[in-house]
Amino acid sequence: MIIVSGKLYVDPKTRSEYLAGCSSVIGQARTAPGCLDFVLSADPIEPGRINVYEQWESDADLDRFRGAGPEPEQTGEIRDAQVMKYRISSAEAP
């Protein structure tokens, strides 16, 4: 299992617009083969922060979905990004 998790920073004044522009990508991801979860959400404390959480069955599924990456307009709006990919070897309910 692959987890992609972290945070993006955009201008606080345009965060809502940025996230609205991501809704179709979120929908596409959630229906993509191998996607177990995909969320981009506004952080409740930091005005310009967007929380990232993705869960994929495999690297191949993630790579197939990613393709060329985000649209240039979206990339240009990101001021900072701290996102990591994790390989999970096992998981269990708490």
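The values are calculated or read from the model by the stated rules, or taken from the named source; none is laboratory data. The structure displayed is predicted, hence computed values, not measured ones. Every residue, glycine as well, gets a Cβ built from its backbone with ideal geometry; the counts of neighbours run over all protein chains shown. These area figures cover heavy atoms from the full protein model, side chains too; ligands, DNA and RNA do not enter into them. Shrake-Rupley method; radii C 1.70, N 1.55, O 1.52, S 1.80 Å.
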* open to solvent by 70 Å² or more (accessible area, probe 1.4 Å), in contact (Cβ under 8 Å) with a residue 40 or more places away in the chain and more than 12 Å from the chain's Cα centre (by Cα), is that true of TYR53? -> no
* Is there any pair with a first residue in the range 5-29 that is within 10 Å of ILE50 (Cβ to Cβ) and outside any helix (DSSP H, G or I) and a second that is among the small types (Gly, Ala, Ser) and at pLDDT below 95 whose Cβ atoms are under 6 Å apart and which are 6 or more apart or on different chains, and what are they? -> LEU8/ALA81
* Asked: Which members of the range 9-40 meet the condition of being within 10 Å of the chain's Cα centre (by Cα) and within 26 Å of SER89 (Cα to Cα)?
  -> ILE26, ALA29, ASP37, PHE38, VAL39, LEU40
